[in-house]
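Every number in this text was worked out from the coordinates using simple rules, so none of it is lab data. It should be emphasised that the depicted structure is a prediction, and the values quoted were computed from it without experimental measurement. Methodologically, a virtual Cβ is constructed for each residue, glycine included, from the backbone with ideal geometry; neighbour enumeration extends over all protein chains shown.
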Amino acid sequence: MKKWKFLTAAALTLMLAACGSDEETSTKDDANEPAKTEETTSSTEASAFPMTVSPLSAGSETEDGKSLTFEDVTFEEMPKNIVVFDYGFLDTLDALGVEGIVGIAANGGKGNFPEHLKEKYLTDSVTDVGSLKQIDFEKVAAANPDAIFISGRQGSFYEELKEITPNVVFIGSDNSNYVDGVFETVDLAAEIFGKQEKAEELKAALQEKVDAVKEKAAGYENALVAMYNDKKISGFDNGEDSRFAYVYNDFGFKPSTTDIKASSHGSDFSYESILSVDPEVLLIIDRTASDVETIKADIENDIIKQTRAYKEGKIVYLDGVNWYFSSNGVTTEADKLDEILNELK
C-alpha cells in the first residue's frame with residue numbers, strides 16, 4: 001500500500017513536471033509566433049506558384065489598325081524585378097505596397113508622370129525605360145525584368161518586349177465596365193504579389209467614393225465631359241467607344257447629349273456646341289496639364305458664360321495627368337472622384 005502511494009506521488013510529480021515543461025514550451029512558441037507566421041506566409045506565397053494569369057484584354061487594336069493578341073503568362077515564382085509602363089498600374093502596385101519595381105516609363109521626369117509617385121520612383125535606383133510610346137529596349141533589358149506590365153499605348157511593342165522576357169502582362173482597361181475593370185486590375189496585382197487583404201481595403205474605400213459621386217450626380221439634370229488641349233475642345237458622350245463614357249455610365253451623370261461622334265479622343269467641339277447642349281455640369285479635363293487659371297481664361301469666354309454650368313458655378317476643372325495618363329490606378333481613381341466631390345458641393 002505504501003509502495004502504491006509512493007508510485008502515485010511519483011507519477012503525479014512527473015505529470016506536474018511535464019505540464020510545466022509543456023507550459024514553458026508553449027510560452028516559447030508564443031514568443032516565437034511572429035517568426036512562425038512569417039515562415040507560414042512565405043510558404044503560402046511559394047505554394048501559389050507556378051501561377052498563370054490572363055491579360056485583362058484578349059486583344060486590342062493599334063492606332064494604325066493593326067490587330068493585337070495578348071497571351072496568358074505563367075510565373076514560376078513571384079516576380080522580383082518589375083518594369084511598369086502603365087502609370088495607373090504603377091499607382092496600384094504602390095498602393096498595395098509591392099516592392100521590386102526596377103523600371104518605369106518616366107520620360108526623363110518630364111510632362112505627365114503622376115505627381116504623387118515622383119519622389120519614390122524618379123530616382124537613380126529605378127531605371128527610366130523611355131516614355132509611354134517610345135521604349136528604350138536596351139534599358140528595359142538592362143533592368144533584367146522577370147515581369148513587364150503594359151497597356152494600350154505599348155500594345156504595338158508587345159512582341160518585342162516578349163523577347164526580353166516572356167512574362168509580359170497586358171493590363172488595359174475596359175470602358176464598358178470601368179469601375180469593375182479597376183477592381184479587376186487591383187485583384188490581378190494582389191493575386192500575383194500576395195496582397196489580397198490590402199486589395200480588399202482599397203477596393204472598399206474606392207467603392208465608397210464611387211457611391212458618393214453617384215449620389216451627387218443624381219442631383220443634376222445633365223452633364224458634359226469635355227477635354228481642353230492647346231486651346232481646342234473635345235466633347236465626350238456615353239457611347240461605347242468614348243474614352244470617358246464611365247463618367248456617365250459608372251459615375252452616374254446623365255449626358256447632356258448622346259449625339260457626339262464616338263471616339264476615344266473625343267469629337268471636336270466648339271464653344272457654340274457646348275452652349276447648344278447647355279449642360280448643368282461641365283467637366284473640363286486639362287489635357288495640357290497647365291494651371292487652372294490659364295484654362296479659365298480660354299474656357300470662360302462670353303459664349304460659355306451663357307451656359308447654365310457657368311451661371312450656377314458648376315464648371316469643374318479636372319487634373320489631366322490623373323484623368324488622361326494614369327487612369328485605372330486605385331489611388332488616382334480615388335483622387336479623380338474627390339475632385340468631383342470637392343467641386344460639386
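Distance between the 7 Å Cα→Cβ label points at ASN107 and GLU184: 2.7 nm.
Would you mind getting me the FRET efficiency between ALA204 and LYS162? Use the beta-carbon distance for r and R0 = 30 Å, nearest 0.05. Don't skip to the answer; put the middle values down first.
Values: r = 36 Å, r/R0 = 1.19.
Here the calculated transfer efficiency is 0.25.
Taking the Cβ-Cβ separation of ASN177 and PHE137 as r and a Förster radius of 51 Å, what is the calculated FRET efficiency to the nearest 0.05? It comes to 0.95. Running Debye on region 226-328 with equal point scatterers at the Cα sites and no solvent, what base-10 log of I(q)/I(0) appears at q = 0.12, 0.24 Å⁻¹? Values returned for q = 0.12, 0.24 Å⁻¹ are -0.35, -1.55.
For region 300-345, what does the alpha-carbon gyration tensor say about shape, rounded, prolate or oblate, given a ≥ b ≥ c as the root eigenvalues, a/c under 1.5 as rounded, and a/b over b/c as prolate?
Working: a/c = 4.96, a/b = 2.11, b/c = 2.35.
The shape class here is oblate.
With the convex hull drawn around the C-alpha atoms of region 179-236, the volume per residue stands at 120 Å³. How would region 151-195 be classified by its alpha-carbon gyration tensor: rounded, prolate or oblate, with rounded meaning a/c under 1.5 and the a/b versus b/c comparison settling the rest? It is oblate, given that a/c is not under 1.5 and a/b is not larger than b/c. Straightening the chain between LYS66 and ASP268 buys 70.2 nm, computed as 0.36 nm per residue apart minus the Cα-Cα spacing.
The mean of 1/r over all pairs of different alpha-carbon atoms in region 269-345, once inverted, gives a Kirkwood hydrodynamic radius of 13.1 Å. The coefficient of translational diffusion for region 267-307, derived via Stokes-Einstein from the alpha carbon Kirkwood radius under 10 °C and 1.306 mPa s, stands at 144 µm²/s. Dividing the mean sequence gap of close Cα pairs (under 8 Å, 6+ apart) by how many residues region 195-345 holds gives a relative contact order of 24 percent. Backbone phi angles across region 115-132, fed through the Karplus curve with coefficients 6.51, -1.76 and 1.60 (θ = phi - 60°), yield HN-Hα couplings of 4, 6, 9, 4, 4, 7, 10, 8, 9, 5, 7, 10, 6, 7, 9, x, 10, 5 Hz in residue order; Gly and Pro are listed as x. Viscosity 1.306 mPa s, temperature 10 °C: Stokes-Einstein D of region 124-242 from its Kirkwood Cα radius, in µm² per second? Estimated diffusion coefficient is 90 µm²/s. Label positions at LEU275 and GLN306, each projected 7 Å from the Cα along the C-beta direction, are separated by 0.3 nm. When peptides 178-188, 213-223 are sorted by average Cβ neighbour count within 10 Å, with the highest value leading, the order is 178-188, 213-223. Projecting label points 7 angstrom from Cα along Cα→Cβ for ALA212 and LYS296 puts them 2.4 nm apart.
Ranked by the mean number of other Cβ atoms within 10 Å per residue, highest first, peptides 275-284, 114-123 order as 275-284, 114-123.
Rounded to the nearest 20, the Cβ-based charge dipole of region 153-205 about its Cα centre (Lys and Arg +1, Asp and Glu -1) stands at 140 debye.
Summing +1 for each Lys or Arg and -1 for each Asp or Glu among the other residues whose beta-carbon sits under 14 angstrom from that of SER273 gives -3.
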